[in-house]
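Undergrad: Submitted below is the structure of interest, expressed as structure tokens.
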Amino acid sequence: MKVYAMSANQKIKTAISKVVRDRIHSGKILDVVVNPETNTDGERVIYVYVIFDNEKNQIDAKETIGITRHVRDSLSKLGEDSFPVFYYVAKSEAGNIAEAK
């Protein structure tokens, strides 16, 4: 049986998912979709779509405060300096966001 090394994008998604799942409890986290890109200013960013489900269709803002800092700390341990940009998307609004189905 071959064991394959985790790709850089998989490591990034795993690190971000862990922080999100450890810090957000006001909704069930269904998926964390991670899209590394370069923005219009030429800076590397990671668009993070947190797909969640709960009755109110909203996440408690107290849980999201500081999440960027915590994610950046985790990413820096991987040698990744891209800036994460978060979007919190209710399951009912997720539409065709990749992996959210």
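The values are calculated or read from the model by the stated rules, or taken from the named source; none is laboratory data. It should be emphasised that the depicted structure is a prediction, and the values quoted were computed from it without experimental measurement. All Cβ positions, even for glycine, are placed from backbone atoms using ideal geometry, and neighbour counts span all protein chains on display. For the accessible areas, the whole protein counts, side chains as well, though only heavy atoms, and no ligand, DNA or RNA atoms are used. Shrake-Rupley method; radii C 1.70, N 1.55, O 1.52, S 1.80 Å.
Undergrad: Once you have a ≥ b ≥ c as the square roots of the Cα gyration tensor eigenvalues for segment 11-94, tell me rounded if a/c is under 1.5, and otherwise prolate or oblate according to whether a/b is larger than b/c.
TA: Because a/c hits 1.5 or more and a/b exceeds b/c, segment 11-94 counts as prolate.
Undergrad: How tilted is helix 67-77 with respect to the longest principal axis of the chain? Cα atoms for both, answer in degrees (0 to 90, nearest 10).
TA: Helix 67-77 sits at roughly 20 degrees to that axis.
Undergrad: If you don't mind, another one. Contact order normalised by length for the chain, with contacts defined as Cα pairs under 8 Å and 6 or more residues apart; what percent is it?
TA: Answer for the chain is 31 percent.
Undergrad: Between residue 62 and residue 81, what is the spin-label point distance in nm, taking each point 7 Å from the Cα along the Cα→C-beta axis?
TA: Going by the 7 Å Cα→Cβ label model, 3.6 nm.
Undergrad: So how exposed is residue 92, as accessible area in Å² (1.4 Å probe, rounded to 10)?
TA: 80
Undergrad: Name the longest site-free stretch of the chain, where the excluded sites are GluC sites (Glu not before Pro) in a DSSP loop with no more than 14 other beta-carbon atoms within 10 Å.
TA: Between the exposed loop sites, the longest stretch runs 56-98.
Undergrad: Calculate how steeply helix 8-23 sits against the longest principal axis of the alpha-carbon atoms of the chain, using the helix alpha-carbon long axis, and give the answer as 0 to 90 degrees to the nearest 10.
TA: 30
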